[in-house]
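Take a look at the structure below.
Read-outs throughout are calculated quantities, based only on the coordinates presented, and are distinct from any laboratory measurement. In this text, all values refer to a predicted model and were calculated from it rather than measured experimentally. A quick note on method: Cβ atoms are made from the backbone with ideal geometry, for glycine too, and the neighbour counts reach across all protein chains shown.
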Amino acid sequence: MFFTKRKAIILIIICSIFFILTYKDVRSEEIKDISGKAQVVDGDTIKINLKKIRLYGIDAPEFKQICKKTYLTIIIFSFTKDYPCGKISTVELKKKINNKVITCKILDIDKYKRLIGECYKRNLNLNSWLVSNGYAVAYRKYSKKYVSNEINAKNEKLGVWQGKFEMPWDYRRKK
């Protein structure tokens, strides 16, 4: 049996037809939106319907992370005290969600198999809200979308910007 040009073309056509008939659009099976009552895991992660969702483009202090804020300034001397900024970030997100329905637009999946998304309470972008209030920072490594929110929070000395803190990714690297 000789392999001729004609047989090669027929083989390619048969394989193409087989591929077209059996191919499933993988992207159509991807999750694009998730809605439901959210459970807050920490300042930048929630769960909806047992699916863990990491908030896109932001990074919040870790739950056990401690930050410093100035409580007294006398001339050139500033006195600081420790406060649980990671816990506060988590608590503020819980208060904001307030057991309401949250909708997340899923943009990706990370290496830990978490969904990555922008999440909304009605029309309020929670990712943006967290950064705008200083409960999270813009995660520039993955997105520049929330940098202007971070700059405003820093200028207004909101949340973590009211004192000194370690960027969450630096804190995690040390642990």
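Local charge for Val101 was computed over the other residues whose Cβ lies under 9 Å away, with Lys and Arg +1 and Asp and Glu -1, and equals +4. Pairs of C-alpha atoms in segment 29-174 farther apart than 22 Å represent 38 percent of all such pairs.
Let me know the charge dipole size of segment 68-118 about its Cα centre in debye, to the nearest 20, where only the beta-carbon of Lys, Arg (+1) and Asp, Glu (-1) is charged. It comes to approximately 180 debye.
In plain terms, the residue of Phe79, Phe63 with the fewest other Cβ atoms within 10 Å comes first and the most crowded comes last, giving Phe79, Phe63.
Note on Lys37, Lys174: ascending count of other Cβ atoms within 10 Å places them as Lys174, Lys37, the fewest first. The Cβ shell under 14 Å around Tyr71 holds other residues with a net charge of +4, Lys and Arg each +1, Asp and Glu each -1. Among the listed pairs Lys95/Lys145; Lys69/Lys145; Lys51/Lys154; Lys51/Lys157, a Cα-Cα separation exceeding 30 Å is found for Lys51/Lys154; Lys51/Lys157. Across the chain, C-alpha contacts under 8 Å between residues 6 or more apart give a mean separation that, scaled by the residue count, equals a relative contact order of 23 percent. Near Asn125: Cβ cut-off under 13 Å, other residues only, Lys/Arg at +1 and Asp/Glu at -1. The net charge is +4.
A full extension of the chain between Asp108 and Glu156 corresponds to an added length of 14.1 nm, given 0.36 nm per residue minus the alpha carbon distance.
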